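Notes for the one structure printed next.
The values are calculated or read from the model by the stated rules, or taken from the named source; none is laboratory data. Computed from a predicted model, the values in this text were never measured in an experiment. Cβ sites come from the backbone with ideal geometry, for glycine too, and all protein chains shown count toward neighbours.
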Amino acid sequence: MEQNMKRDTQLIHAGRAKQYTGKVVNPPVVRGSTIVFDTFAELKHATLNRGNRVPFYGRRGTDTHFALQQAICELEGGAGCALYPCGAAAVSGALLAFLKSGDHLLMVDSAYEPTRALCEKLLAGLGIETTYYDPQVGAAIVGLIKPNTKVIFLESPGSLTFEMQDIPAITAVARQHGIVTILDNTWASPILCQPFALGVDVSVQSATKYIVGHSDVMLGTASANEKHWPQLREYSYLMGYCASADDAYTALRGLRTLSVRLKQHQQSALTVANWLQQRPEVETVLHPALPSHPGQAIFQRDFSGSNGLFSFVLKQGSQQQVEAFIEGMAHFKMGFSWGGFESLITATMKVQQLRTATTWPYSGPLIRLHIGLEDVDDLIADLTAAFARFN
Ligand SMILES: Cc1ncc(COP(=O)(O)O)c(CNNC(=O)CNC(=O)c2ccccc2[N+](=O)[O-])c1O
């Protein structure tokens, strides 16, 4: 395949090697637990290569899974990719591949809430100590490293409050100390940020979001560089993580339109974000691409674009006002998740309760929007009516 093709062309070809597609365009759904062999030579070959995309047993995957794994590696730049039933499983699988009892984990303070819960409710019970760090710490993270620090976990931008992290600065410090870096790269999807080019060792994605893009599959991926792929692959296999061939097929299908969808999400989200900045009720808009965002320089340096997910903070508002704002929306539905074609809205009054290493600087309610593929004029009309209910 031509190596220097542009990103949009790469998305059309990724994971469509002839060995996976045969005579059709898309890799077919190959469902299977048992792989059967005609000769001992075949069985021996599959056994020796069972970790290298040769069909061996359902848990290791079939050609449908291999096609998706190859596509994610091509797009993110990893050496290997493991699949999981969801993004949260990819997060736990990646962490448990590199942490054991007695180890110390540095976890970004702005991490996705269930990731924080994993640290507090499961890793702590396994004797793994977690220290949360300021997402904007940069190279000063060196001051938090202990002799038993084994992993630094990043999530940039934070998927609720959108702090940007200086990924190259942190990965450089980690490498100097032999510490594994794991980045939750879900916001960027595989194409808005190249985690391995920024020095990351392991990249985690909730494919549930933009990769699938239609809010109808739960799926996770974790990719690693050459040095860390063998351990990630082995531990994910030992823990029994796998995904269905149907979900792998659906994720492959999502990849083909990922770029055009993201461009539309980005365009509409920036229109809405700029409109929100003019609203008197709004304290600040937390969108990494806005000049007002403290991490905009990092965003411009490390990311090739943005998507539909961002938050804004109201100057003030009671629980009742926030409920009046959100209930009655024509297009924005309340719902956990994001990255599909539909617009979504969630609100929280308690960001500070999700912080242990930093002080959240705002007192007003935080509202997170996922800007879908609806006409942006309809979305702004919806938000205008919401502010009328709010006031
Ligand atoms: C950055 C990041 N990383 C991993 C995952 C998990 O993916 P999965 O949903 O496929 O398991 C996600 C899933 N994102 N989902 C959401 O943001 C919607 N909210 C939640 O799922 C949720 C659920 C319970 C409690 C708190 C939250 N929350 O977002 O804060 C993610 O945003």
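Things worth noting here:
- Complete set of residues in segment 194-223 that are more than 20 Å from LEU11 (Cα to Cα) and away from the ligand (no atom under 14 Å from the Cβ): LEU198, GLY199, VAL200, ASP201
- Near pairs, Cβ below 9 angstrom, 6+ apart or cross-chain, from segment 365-391 (over 18 Å from GLU283 (Cα atoms)) to any residue that is modelled with pLDDT under 95 and of a type in the set (S, T, N, Q): HIS370/SER337
- Residue match in segment 64-72 (condition: within 16 Å of the ligand (Cβ to nearest atom), crowded, with 22+ Cβ neighbours inside 10 Å and either over 15 Å from the mean Cα position of the chain (by Cα) or polar (S, T, N, Q) (or both)): yes
- Evaluated against (1) within 13 Å of the ligand (Cβ to nearest atom); (2) touching a Lys or Arg at 6+ places or on another chain (Cβ under 7 Å); (3) of a type in the set (Gly, Ala, Ser), ALA82 falls short on exactly one condition, (1).
- Scanning segment 73-91 for residues that are crowded, with 20+ Cβ neighbours inside 10 Å and either touching a Gly at 6+ places or on another chain (Cβ under 9 Å) or not in a loop (DSSP other than H, G, I, E, B) (or both) gives CYS73, LEU75, GLU76, GLY80, CYS81, ALA82, LEU83, TYR84, GLY87, ALA89, ALA90, VAL91.
- Residues in segment 224-276 that are more than 16 Å from the ligand (Cβ to nearest atom), in a loop (DSSP other than H, G, I, E, B) and under 17 Å from LEU95 (Cα atoms): ASN225, LYS227, HIS228, GLY240.
- Single match in PRO55, PRO27 (criterion: surrounded by fewer than 21 Cβ atoms within 10 Å (Cβ to Cβ) and within 25 Å of LEU232 (Cβ to Cβ)): PRO55
- So LEU354, is it surrounded by 14 or more Cβ atoms within 10 Å (Cβ to Cβ), under 20 Å from the mean Cα position of the chain (by Cα) and farther than 26 Å from GLN266 by Cα: yes
- Pairs linking a residue in segment 1-30 that is at pLDDT 95 or above and in a loop (DSSP other than H, G, I, E, B) to a residue that is surrounded by 16 or more Cβ atoms within 10 Å (Cβ to Cβ) and small (Gly, Ala, Ser), with Cβ atoms under 6 Å and 6 or more positions apart or on different chains, are ALA14/ALA71; GLY15/ALA67; GLY15/ALA71; PRO27/ALA67; VAL29/ALA245; VAL30/ALA245.
- Look at (1) of a type in the set (A, V, I, L, M, F, W, C); (2) in contact (Cβ under 8 Å) with a residue 12 or more places away in the chain; (3) more than 15 Å from the ligand (Cβ to nearest atom) and you find that MET107 fails only one, number (3).
- Out of PRO294, PRO195, one residue alone is within 26 Å of SER311 (Cα to Cα) and under 19 Å from the mean Cα position of the chain (by Cα). It is PRO195.
- The number of residues in segment 84-133 being more than 16 Å from LEU144 (Cα to Cα) and aromatic (Phe, Trp, Tyr) comes to 3.
- Pairs with Cβ under 8 Å, 6+ apart, first in segment 264-282 and in contact (Cβ under 8 Å) with a residue 12 or more places away in the chain, second polar (S, T, N, Q) and surrounded by fewer than 17 Cβ atoms within 10 Å (Cβ to Cβ): GLN277/SER292; GLU281/ASN391
- Residues of segment 94-112 include none that is modelled with pLDDT of 95 or more, among the acidic types (Asp, Glu) and part of a helix (DSSP H, G or I).
- Identity of the residue in segment 273-288, touching a helix residue (DSSP H, G or I) at 6+ places or on another chain (Cβ under 6 Å) and aliphatic (A, V, I, L, M), that ends up nearest to PRO365 (Cα to Cα): VAL282
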